[in-house]
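Right, one structure below, let's go through it.
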Amino acid sequence: MILDGPDYLAPAKLNLFLHVVGQRADGYHFLQTAFRLLDLGDVLRFRVRRDGVINRVNSLDGVPSELDLTVRAARALQSATGVTLGADIELEKYLPMGGGVGGGSSDAATTLLALNHLWETGLSRRKLMEIGLGLGADVPVFIYGRSSFAEGVGERLQAIELPPAWYVVLTPSVAISTREIFTDPELTRDTKPIKLAAFSAGQEAFVNERNDLEPIALKRYPEVALHLEWLRQFGPARMTGSGSSVFCAFATKASAHQAFDQLPSGMRGFIAAGCDRHPLFGLVES
């Protein structure tokens, strides 16, 4: 630990399904997905500065400070509010980069939520979500802070309630570019839209649905296919986001651990519980 003070969690997310239902003229894709937050993630700490400087105090392999989404988020909040304060930021990475579990996006969202509180800038949740969307399509869901059904490019969110579940998440040692997957000419771009009302809260993970990005990723990355094949012996499993992480839901913590304990040598991952509220949800009143 470099900075004193409270830990702020930046939780992982899973896409329980992901459909590509169209494409805009500017190249962005229309999506439908269900986001679920997990009780495990990166950890951030902050120290308020009076000189306006934004400084990440620790080094991260492959992530220069100027490109770090936490630094960019802090500066975006400064720009939006005119606040003259700054911050030292410490980021402990536990989530894989390019893994489809929202690591960088969640880090950015936690930075916006925490500094909005620490700097006393008083922005609403909606305004923070607008700032977050400028940093990445997945940032708003973490600020929204609830398990949700998402449409558009991922910014139109509706809260959903999901039953308790534990997840085994495997993290192949490959980082997948989201752009690479979405620009593949073989990507399905015309899946028929579904209606949230067609599903009950008890239908965990929308098991009859799929991730439209998965076939492209499996074709390009055999290691992802290998991890998914192993995980499917325990039930319906799929890739989250554009990969590379894959997951399977379990009804109990014990059953998740029983499966994880069989993980072959050379594979890695983690176990986490689904949660329906972001741990920083209460930092914003509305």
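A few comments on the model shown:
- Within segment 71-92, residues that are under 20 Å from residue 134 (Cα atoms) and in contact (Cβ under 8 Å) with a residue 60 or more places away in the chain sit with their Cβ atoms under 9 Å from residues that are buried (at least 18 other Cβ atoms within 10 Å of the Cβ) and among the hydroxyl-bearing types (Ser, Thr, Tyr), at 6+ positions apart or across chains, in these pairs: 72/111; 73/110; 73/111.
- Members of segment 243-283 that are in a loop (DSSP other than H, G, I, E, B), modelled with pLDDT of 95 or more and in contact with a Leu (Cβ under 8 Å, 6 or more places away or on another chain): 245, 263, 267, 268, 278, 279, 280
- Residues satisfying the stated conditions in segment 112-124, i.e. within 22 Å of the chain's Cα centre (by Cα) and surrounded by fewer than 18 Cβ atoms within 10 Å (Cβ to Cβ): 117, 124
- Residue 36, sole failed condition from (1) in a strand (DSSP E or B); (2) surrounded by fewer than 18 Cβ atoms within 10 Å (Cβ to Cβ); (3) of a type outside the set (Ser, Thr, Tyr); (4) within 20 Å of the chain's Cα centre (by Cα): (2)
- Enumeration of residues in segment 96-127 that are at negative phi, part of a loop (DSSP other than H, G, I, E, B) and either of a type in the set (Phe, Trp, Tyr) or modelled with pLDDT of 95 or more (or both): 101, 119, 121, 123, 124
- Looking across 50, 75, one residue alone is out of contact with any Ser or Thr (no Cβ under 9 Å at 6 or more places or on another chain) and not hydroxyl-bearing (Ser, Thr, Tyr). It is 75.
- Single residue of 151, 130 found to be in a strand (DSSP E or B), within 30 Å of residue 163 (Cα to Cα) and out of contact with any helix residue (DSSP H, G or I) (no Cβ under 7 Å at 6 or more places or on another chain): 151
- Residue that is surrounded by the fewest Cβ atoms within 10 Å (Cβ to Cβ) [pool: residues in segment 39-57 that are of a type in the set (Asp, Glu) and assigned to a strand (DSSP E or B)]: 39
- Between 76, 114, 25, 80, the distinction of being in contact with a strand residue (DSSP E or B) (Cβ under 8 Å, 6 or more places away or on another chain) and either closer than 30 Å to residue 238 by Cα or among the aliphatic types (A, V, I, L, M) (or both) belongs to 114 only.
- Pair list, Cβ < 8 Å and 6+ apart or interchain, from segment 222-241 residues that are closer than 21 Å to residue 98 by Cα to residues that are assigned to a helix (DSSP H, G or I) and at pLDDT below 95: 241/178
- Checked against the criterion of being closer than 21 Å to residue 273 by Cβ and either touching a residue at least 24 places away in the same chain (Cβ under 8 Å) or touching a Leu at 6+ places or on another chain (Cβ under 9 Å) (or both), the candidates 51, 68, 7 yield just one match: 7.
The values are calculated or read from the model by the stated rules, or taken from the named source; none is laboratory data. Because the structure is a prediction, the values reported are computed rather than measured. As a convention, Cβ positions derive from the backbone with ideal geometry for all residues, glycine included, and neighbour counts pool all protein chains shown.
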